[in-house]
Amino acid sequence: MTDWRPIDRAPQDGRWIIAIHQDEPDRRAVIRWDPGRAGDGRPWHVATTEYGYAPDAFTHWTPFPEPPEPGPEA
């Protein structure tokens with residue numbers, strides 16, 4: 001089960017997270033807080049575009065899951 005958290009509790013250290021956009025709640029976006037954009041009002045950076053999004057563009061977030069353990073070598 002995914003642990004969705006309010007976006008106002010999302011990390012602002014540049015790490016990538018998974019988020020829900022307020023206008024498209026059935027879709028997920030890979031985003032990160034871009035400190036370089038914080039002053040222009042669009043600090044959220046989406047991985048698939050160069051466009052920034054406002055702080056309230058997303059409603060919830062969750063961290064990426066841990067990667068699987070490496071299996072035995074074949």
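Across region 36-49, the number of residues qualifying as over 14 Å from the mean Cα position of the chain (by Cα) and of a type outside the set (Gly, Ala, Ser) comes to 2. Of the residues making up region 50-74, those that are more than 18 Å from ALA10 (Cα to Cα), among the charged types (D, E, K, R) and over 15 Å from the mean Cα position of the chain (by Cα) are GLU69, GLU73.
Scanning region 9-32 for residues that are outside any loop (DSSP other than H, G, I, E, B) and open to solvent by 100 Å² or more (accessible area, probe 1.4 Å) returns ARG9, ASP26, ARG27, ARG28. Only a single criterion out of (1) over 11 Å from PRO63 (Cα atoms); (2) touching a residue at least 12 places away in the same chain (Cβ under 8 Å) is not satisfied by ALA19, namely (1).
The values are calculated or read from the model by the stated rules, or taken from the named source; none is laboratory data. Predicted model, so just to flag it, every value in this text is computed and none were measured. Note that each Cβ is placed from the backbone with ideal geometry, even for glycine, and that neighbours are counted across all protein chains shown. To get the accessible areas, we keep the full protein, side chains included, count just its heavy atoms, and leave off ligands, DNA and RNA. Shrake-Rupley method; radii C 1.70, N 1.55, O 1.52, S 1.80 Å.
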